[in-house]
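The values are calculated or read from the model by the stated rules, or taken from the named source; none is laboratory data. What you see is a predicted model; the values in this text were computed from it and never measured. Every residue, glycine as well, gets a Cβ built from its backbone with ideal geometry; the counts of neighbours run over all protein chains shown.
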């Protein structure tokens, strides 16, 4: 470029929260946190896509946050039995200058880094929704998204979309 600026070969273009669901049962207005309360987190990472004509990768992450008044593991409780259930999903699009990335770079970037880039946006939206719903500040735990992405996608092939 003539003006001396540098253009990245990889660009985070946009994200969308494409699913949000908050359901409550047994809710008492002004309910305060109790010592017996247990928050459970469920995480999902979708198989990434590469869109050939757009030269872009799409990654998606979903997260469920469920409040129980007793330990769901010990009691054998399902997410549907939670007092509060919040589920959200986010998708992001990431453009590349050249065609599809080299295999080794793609493995590291698309499988591990893209979910890690999206998760803070999802986590922030979930925290905000819970606060606005009257639950105060709920701190969603940090998750090692690099490892979660590698593990969840280890046997999955990136989908090629020839749009």
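General remarks:
- Scanning segment 79-92 turns up at least one residue that is surrounded by fewer than 19 Cβ atoms within 10 Å (Cβ to Cβ) and without any contact (Cβ under 8 Å) to a residue 24 or more places away in the chain.
- So residue 14, is it at pLDDT 95 or above and either loosely packed, with under 12 Cβ neighbours inside 10 Å or more than 26 Å from residue 129 (Cβ to Cβ) (or both): yes
- Of the strands (runs of 3 or more DSSP E) lying entirely inside segment 48-163, those containing at least 2 residues that are modelled with pLDDT of 90 or more, in contact with a helix residue (DSSP H, G or I) (Cβ under 9 Å, 6 or more places away or on another chain) and under 21 Å from residue 18 (Cα atoms) span 56-68, 84-96.
- Condition check for residue 42: touching a strand residue (DSSP E or B) at 6+ places or on another chain (Cβ under 9 Å) and surrounded by fewer than 17 Cβ atoms within 10 Å (Cβ to Cβ): yes
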